[in-house]
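*Asks:* Just dropping this structure here.
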Amino acid sequence: MGRGKFKGKPTGRRQFSTPEEMMAGTSSRPRTFKKVEDEVEEAERSESEEESGGSDEESEKRKGTQGIIQIENPNLVKPKNLKAKNVDIEKTSELSRREREEIEKQKAHERYMKLQEQGKTEQSRKDLDRLAMIRQERAEAAKKREEEKAAKEQKKLETRK
């Protein structure tokens, strides 16, 4: 029963070590890699201490070669993602044109609906006039039905006598 050239699913699954395993040292991760990583972190710490003049200021951890090479690129775009602890609550961010227009549109709609409820717009006046006419017609129709009903009853009483 051959399945063809390729297997459908991988037979083995990757296993990742949990933080508890890493702390306990029972991880299947090679120990030599951990040693190299510790050496790199110590080198970065010593460099950052030299740059900051020995103060304990906590700087951003740099990825890849950024920690090694100092870049003075004026065109470098800084990442806009901020962590929750670094967010300035008092600072109001400027909205884009589309966001501003959307907000203005919503506010205008709310104002219009408020005026509509108060009956101050032209459309609401027309609707109220139409509603008044319908109420009047219904009242007339009800009155007419009552009269017809009364006339019918009168006829019944006259025929019984």
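The values are calculated or read from the model by the stated rules, or taken from the named source; none is laboratory data. Source: prediction; values computed, not measured. Methodologically, a virtual Cβ is constructed for each residue, glycine included, from the backbone with ideal geometry; neighbour enumeration extends over all protein chains shown. All accessible areas refer to the heavy atoms of the entire protein, side chains included, with ligands and DNA or RNA removed. Shrake-Rupley method; radii C 1.70, N 1.55, O 1.52, S 1.80 Å.
*Asks:* I need a count of the residues in segment 121-139 that are touching a helix residue (DSSP H, G or I) at 6+ places or on another chain (Cβ under 9 Å) and part of a helix (DSSP H, G or I). I'd like the intermediate steps shown before the answer.
*Replies:* Let us first name the residues in segment 121-139 that are touching a helix residue (DSSP H, G or I) at 6+ places or on another chain (Cβ under 9 Å), namely 121, 123-124, 127.
Keeping just the survivors that are part of a helix (DSSP H, G or I) gives 123-124, 127.
Adding up the residues that qualify gives 3.
*Asks:* For segment 107-148, give me each residue that is open to solvent by 100 Å² or more (accessible area, probe 1.4 Å) and under 30 Å from the mean Cα position of the chain (by Cα).
*Replies:* Lys107, His109, Glu110, Arg111, Lys114
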